[in-house]
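The values are calculated or read from the model by the stated rules, or taken from the named source; none is laboratory data. This structure is a prediction, so every number in the text was calculated from the model and none was measured. For neighbour counting, all protein chains shown are included, and Cβ atoms are generated from backbone atoms with ideal geometry for every residue, glycine included. Surface accessibility is based on the protein's heavy atoms, side chains included, excluding ligands, DNA and RNA. Shrake-Rupley method; radii C 1.70, N 1.55, O 1.52, S 1.80 Å.
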Amino acid sequence: MKAIVFQGTRDVALNTVDDAVLEDPEDVVIEVTSSAICGTDLHMYDGRTGAEPGLVLGHEPLGVVRAAGEDVRLVTTRRRVVIPTHLYCGVCFNCARGYSAACLRVRPGGFGAAYGYAGMGSYRGAQADLLRVPVRQRQLHPGARGAR
């Protein structure tokens, strides 16, 4: 698949990377239809975050579910979804109290995780054809039914 990849300070490129795939029965893979470029992406682009070459950038995606793990119940294939920037489990101490950006389960040894952001876990970003959405389907917010 194609993805926008950080290669170094002020150097990004459209590269071919491995397709996003289901890795867990609670994963979903979406076909990304839109993904925001925001200030945090510019911080990485400008070299202010310690981003490593090879990082697939991007977060805040919209897309269509293309594959769902066997334990996924909230959404089905062809469903439009919105996905927040950060990942969260929804049930840990912090998530249960409304602090999902500081989830204790999605990044061992740290607080919180985000798609395609330096130092926030190993999750690839959404400036790509496909995105794996892990940690159950809590990150998916269903939109209108069906793909157009």
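Grab the other residues whose beta carbon is less than 14 angstrom from that of LEU14, score K and R as +1, D and E as -1, and report the net. Taking every Cβ under 14 Å from that of LEU14, the sum is -1. Per residue, the solvent-accessible area of the chain (1.4 Å probe, heavy atoms of protein chains only, all protein chains present) comes to 52 Å².
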